[in-house]
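Sharing a structure below in structure tokens format, with a few things to ask.
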Amino acid sequence: MRIAINAAVLGKRYTGVGTYIAGLIQSLTRLGHEVVVYGSSPLIPSGPGITRTVTPSWIAFDAGRSSGFWRLLWNLFILPLRLSNRKLDAVVSQNAEGLLWSSIPQLLVVHDLIPLHYPEEAPRLRRYYKRVLPLVLKRSAAVVTVSNYTRSDLLQHYKLNPTNIHVAYDGVEQRPLARRAETMPARFPVEPYFLFVGTFSPRKNLETVLRALEKVRDRVRESLLIVAYPDQWASGSLRLAEELGVSGRITHQAGLRDEEMSYAYEHATALFLLSDYEGFGLPALEAMLAGTPTVVSDSTALAEVVGDAAIKISAHDVSAAAEAMLRLSTDDAYREQMRRVGVKRAQKFTWMRTGTTISEILSRVVPSRDARPQSTRAPQ
């Protein structure tokens, strides 16, 4: 098949959606498909079977406050017209990047419903999720979610045919991750350290991690490495660290290169990801594959993804988080046990499995070339 990938949303920053798109592109080409990518991000992979059609860089998500508006116009009007002029079999879009009409079948990937549950994180997208997304979902030939939890969430909020909602889990790079940094990157904490990867949003629940560190700071050697882009909540989290007396054991990093991120995972005592809500939770799998024990909240998609291969606690249970820190810091045998089961679990999540699932779904919804109409008009 000749498959278009709508990647105009991607910019220069690492995101979970960007990782998904990159992994999907590479797996589809390995399966023999030709992929035409619409996007401008330098993070989009290149190689045999991949054709890049450059989109305006100012519509990427990190291009400025007005980028969302211009990208909406792109997805509603310009991209559908461009797709109609190419010999393509299907188009794959993500979340809020779906097309209201298309001359070819659209597969929509839904990663989460954060704008509905946490409107303060994306106030403008909340209106889109309430007014536009229902139409995009109904007009898509197939809808894919990245976890069973997100599938259930989607069916709860929208009136959809369950038989048309499929699950294709994220994958994780099986190398592990990427190139390794041979030496400790600059500005990294001296080992040992615990690791937090995500954002400063209250939903990510960094507060529990900070309070847990305060409880055990005199009994463990670890500091805390926070990998997150600065946002409107960052100052509040760092101020809390000062109030708790642990700011001296906090290192904040953002915009890490692949090899630096690999180093962060591989050398951490443990990853803590105690989110209140996740549609998938890719950092948990990345840490597990790197051999780093992982502590996650026992709710939403995180518990589904890690299975029995990580420590699961209530998201706001400071005492349980502190106990996990203490045991992982002092019990070498336990840490090795969690390392082994984590690696084994993460190895099951490959991008080839993701691509194969997407390919099978597309094969069912894409009509044969002989059965296709010569032209399709946009709905009036």
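Could you pull out every one of the helices (runs of 4 or more DSSP H) wholly within the range 120-176 that has 3 or more residues that are in contact (Cβ under 8 Å) with a residue 40 or more places away in the chain and touching an Asp or Glu at 6+ places or on another chain (Cβ under 9 Å)?
148-157
Can you tell me which residue within the range 109-119, out of those that are in a helix (DSSP H, G or I) and among the aliphatic types (A, V, I, L, M), is nearest to Thr199 (Cα to Cα)?
Once the filter is applied, the top-ranked residue is Ile114.
For the range 144-153, check the following and say yes or no: at least one residue is surrounded by fewer than 19 Cβ atoms within 10 Å (Cβ to Cβ) and touching a Lys or Arg at 6+ places or on another chain (Cβ under 8 Å).
no
Still on this structure, please answer the following. Looking at the structure I just gave you, is Ala122 surrounded by fewer than 19 Cβ atoms within 10 Å (Cβ to Cβ) and hydrophobic (A, V, I, L, M, F, W, C)?
yes
Give the residue that is nearest to Leu116 (Cα to Cα), with candidates limited to residues of the range 229-278 that are among the basic types (Lys, Arg) and at pLDDT 95 or above.
This residue is Arg239.
Can you tell me which residues in the range 187-202 are in a helix (DSSP H, G or I) and crowded, with 19+ Cβ neighbours inside 10 Å?
Across the range 187-202, there are no qualifying residues.
Tell me, which helices (runs of 4 or more DSSP H) lie completely within the range 242-356 with 3 or more residues that are in contact with a strand residue (DSSP E or B) (Cβ under 9 Å, 6 or more places away or on another chain) and within 14 Å of Glu173 (Cα to Cα)?
Because the criterion is at least 3 residues that are in contact with a strand residue (DSSP E or B) (Cβ under 9 Å, 6 or more places away or on another chain) and within 14 Å of Glu173 (Cα to Cα), the helices (runs of 4 or more DSSP H) in the range 242-356 that meet it are 282-289.
The values are calculated or read from the model by the stated rules, or taken from the named source; none is laboratory data. Predicted model, so just to flag it, every value in this text is computed and none were measured. Because the Cβ atoms are built from the backbone with ideal geometry, glycine has one as well, and the counts that use them run over all protein chains shown.
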